[in-house]
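Below: one structure, written as structure tokens.
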Amino acid sequence: MPTDLKSSSYQISKPENRIYLARFLKSLRAKMRQKAALLPGQIDVENLELLRDFPQFDDRFTAPMHGFKSADDYYEQSSSGRYLATIAIPTLLVNAENDPFLAPSCFPRDVAAASKFVFLETPPEGGHVGFAEGTPDGEYYSERRAVEFLMAEVPA
């Protein structure tokens, strides 16, 4: 989970992630064109192709459409990292060390070490797709761990 949206937005903009970024931006551009068609005169999609990364897209669309002053304001207010230290119920975070979209700040090791409620698991592998294990039933490590965690933490 990207507990730090700003760092994740820059992480996905790195050259090694350009194939992912291009695909995401293509999808977001198409969605903005659809929204503009549904809301004539309310959404300016001129020069949409000039937006080259998430910070640019979020500054132009995400932030203003959701009441934020800027992409940075959106990232700051919407990132879950700032709330982790105040969590008072058992919470499991599972982030693969090799997730190409997560910057080091998305691994709240200090918070987890200091909290009796925040549990951080960082398997070395898993990428960004929920730790697909290739089982015939399509089981995912992250889903299995969530169920195991709940079974251990929630009284019967």
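Some observations on this one:
- Of all residues making up segment 32-48, the number that are under 23 Å from the mean Cα position of the chain (by Cα) and surrounded by fewer than 11 Cβ atoms within 10 Å (Cβ to Cβ): 0
- Complete set of residues in segment 1-30 that are loosely packed, with under 15 Cβ neighbours inside 10 Å, part of a helix (DSSP H, G or I) and among the charged types (D, E, K, R): Glu16, Arg18, Arg23, Lys26
- Tally of residues being within 27 Å of Ile19 (Cα to Cα) and not hydrophobic (A, V, I, L, M, F, W, C) across segment 82-105: 7
- Some residue of segment 63-78 being part of a loop (DSSP other than H, G, I, E, B) and in contact (Cβ under 8 Å) with a residue 12 or more places away in the chain: no
- Pick from segment 116-139, criterion touching a Pro at 6+ places or on another chain (Cβ under 9 Å), part of a loop (DSSP other than H, G, I, E, B) and not charged (D, E, K, R), ranking: modelled with the lowest pLDDT: Phe131
- Residue, surrounded by the fewest Cβ atoms within 10 Å (Cβ to Cβ), within segment 67-109, restricted to residues that are modelled with pLDDT under 95 and charged (D, E, K, R): Arg109
- The condition (being part of a helix (DSSP H, G or I), over 19 Å from Thr3 (Cα atoms) and of a type outside the set (A, V, I, L, M, F, W, C)) is satisfied by just one residue among Arg52, Arg60: Arg60.
- Filter pass, Arg82 being in a helix (DSSP H, G or I), of a type in the set (D, E, K, R), closer than 30 Å to Phe149 by Cβ and without any contact (Cβ under 8 Å) to a residue 40 or more places away in the chain: yes
- Residue in segment 43-59 that is without any contact (Cβ under 8 Å) to a residue 40 or more places away in the chain and under 30 Å from Ala113 (Cα atoms) present: no
The values are calculated or read from the model by the stated rules, or taken from the named source; none is laboratory data. Quantities reported herein were computed from a predicted structural model and do not represent experimental measurements. Because the Cβ atoms are built from the backbone with ideal geometry, glycine has one as well, and the counts that use them run over all protein chains shown.
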